[in-house]
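The values are calculated or read from the model by the stated rules, or taken from the named source; none is laboratory data. Values in this document were obtained by computation on a predicted structure and should not be read as measured data. Accessible surface is based on the protein model in full, side chains and every heavy atom, while ligands, DNA and RNA are left aside. Shrake-Rupley method; radii C 1.70, N 1.55, O 1.52, S 1.80 Å.
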Amino acid sequence: MGISIRAYARHRGVSDTAVHKAIRTGRITPEADGTIDPDRADRDWTRNSEPPKAGTGSRTVKVRVAEDPAPSLATGLPAGGTTLVQARTVNEVVKAQTNKVRLARLKGELVDRHQAIAHVFKLARTERDAWLNWPARISAQMAARLGVEAHTLHVALDAAVREHLAELGELKVRVD
């Protein structure tokens, strides 16, 4: 048998509305008969309350402790739930990383991945087309210098360039 909600509120130095809210939110748990065990409720209240915000007076509150302290593989946080401090820490880390990326983009240090891939593809295609057109441009001049038939040299150069480009095309470049 514990004490009434109003008596616990006086004991705690808060309003009975605050005690009702603490019960509703699960910060404290009343006994089966609706009364409150003050020692257990004080421990629960302290353990399950938020830390004080900067500049908000001298309240002394602590954060809820997770039931299962084993870390989850996916998040690195306790698997049974996270404490308020852990959740806020993760949130602040994500905000900091997001702001870092946003700043790098504004400074021009980052490029859009899809645009970069499209640009590299366009450059590679332009280079390939230039090499495919090269035998037709140069074979007549080379044939005249070497004293060979122009068509034969053109066919040989074209075959060599295409073979070389096919070898280059087999390379599997990975963009991460």
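Some points to look at:
- Annotation for region 154-171 versus region 1-47: alpha-carbon center distance of 83 Å.
- Using C-alpha pairs under 8 Å with a sequence gap of at least 6, the mean separation divided by the residue count of region 82-172 gives a relative contact order of 18 percent.
- With an a/c value of 1.5 or above and a/b larger than b/c for the gyration tensor axes a ≥ b ≥ c computed over the alpha-carbon atoms, region 105-176 is described as prolate.
- In the context of the full set of protein chains, residues of region 96-176 present 88 Å² of accessible surface per residue (probe radius 1.4 Å, heavy atoms only).
- Prolate is the label for region 116-155, because the ratio a/c of its alpha-carbon gyration tensor axes (a ≥ b ≥ c) is 1.5 or higher and a/b is greater than b/c.
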